[in-house]
1. Return the total of residues in segment B:73-95 being assigned to a loop (DSSP other than H, G, I, E, B), open to solvent by 40 Å² or more (accessible area, probe 1.4 Å) and free of Cβ contacts under 8 Å to residues at least 60 places away in the same chain.
2. Would you mind stating whether B:Val103 is of a type outside the set (Phe, Trp, Tyr), more than 10 Å from the chain's Cα centre (by Cα), surrounded by 15 or more Cβ atoms within 10 Å (Cβ to Cβ) and in a loop (DSSP other than H, G, I, E, B)?
3. Among the residues of segment A:82-99, write down those that are at pLDDT 95 or above and open to solvent by 20 Å² or more (accessible area, probe 1.4 Å).
Amino acid sequence: DVKVTQSSRYLVKRTGEKVFLECVQDMDHENMFWYRQDPGLGLRLIYFSYDVKMKEKGDIPEGYSVSREKKERFSLILESASTNQTSMYLCASSGGQWDYEQYFGPGTRLTVT
Amino acid sequence: GNSVTQMEGPVTLSEEAFLTINCTYTATGYPSLFWYVQYPGEGLQLLLKATKADDKGSNKGFEATYRKETTSFHLEKGSVQVSDSAVYFCALSGRRQGAQKLVFGQGTRLTINP
């Protein structure tokens, strides 16, 4: 059974803290994605990675960075958390070059106070 | 750029009612189209997809037909159940080699009452 796991379901951080969100997939997928989900806005792509150490900005990369040192792991980093980064964060992965289906993790609800 | 527009929610229906959730898109070329579903407390999961015009995707009693002439991909189900209560997202993906970015609609929350 395919699986994408995220390190935390709920996280509370203070303004200015550095925050790490971890995502691991066990499907040997090349592509991994980070989205944030906000009511009325759907899902918006923050960053994605198509190979180890390779990354591309999505639609809303400001305030975020990512790291992919191993194929199965993709980390989202908030260098200095702010209250407008309070959101649900979803990680996803997809397979080969023509595989469009993305598999999602359960999400991390981050609250920045 | 590419975009997806879904009907506004929330939608509340009685069990066994007919469901339609509208989805229209704007895209260059010939995108692939998807419906994802998010049950409470879970991540998104693929419900159905269509990769070319006139294709019909179907799963769990849900159907959607890729209509190029109206740029639409409406989700339908003939008789909904309480267990169908969830948030539904329409999405499209550009058809090119390599990592596929999905563009999502805003989501439609569906509640089915017994």
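1. 1
2. Against the criterion (of a type outside the set (Phe, Trp, Tyr), more than 10 Å from the chain's Cα centre (by Cα), surrounded by 15 or more Cβ atoms within 10 Å (Cβ to Cβ) and in a loop (DSSP other than H, G, I, E, B)), B:Val103 does not qualify.
3. A:Ser82, A:Thr83, A:Asn84, A:Thr86, A:Met88
Okay, residues lined up against (1) open to solvent by less than 10 Å² (accessible area, probe 1.4 Å); (2) β-branched (Val, Ile, Thr); (3) under 17 Å from B:Leu44 (Cβ atoms); (4) under 13 Å from the mean Cα position of the chain (by Cα):
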{"residue": "A:Cys23", "(1), (2), (3), (4)": "yes, no, yes, yes"}
{"residue": "A:Met27", "(1), (2), (3), (4)": "no, no, yes, no"}
{"residue": "A:Asn31", "(1), (2), (3), (4)": "yes, no, yes, yes"}
{"residue": "A:Tyr35", "(1), (2), (3), (4)": "yes, no, yes, yes"}
{"residue": "A:Asp38", "(1), (2), (3), (4)": "no, no, yes, no"}
{"residue": "A:Gly42", "(1), (2), (3), (4)": "yes, no, yes, no"}
{"residue": "A:Lys55", "(1), (2), (3), (4)": "no, no, no, yes"}
{"residue": "A:Ser67", "(1), (2), (3), (4)": "no, no, no, yes"}
{"residue": "A:Ser80", "(1), (2), (3), (4)": "no, no, no, no"}
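The values are calculated or read from the model by the stated rules, or taken from the named source; none is laboratory data. None of the values given here were measured: they were computed from a predicted structure. Cβ: placed from backbone, ideal geometry, glycine included. Neighbour counts: every protein chain shown. We work out accessible area using only protein heavy atoms, side chains counted, and drop any ligands, DNA or RNA first. Shrake-Rupley method; radii C 1.70, N 1.55, O 1.52, S 1.80 Å.
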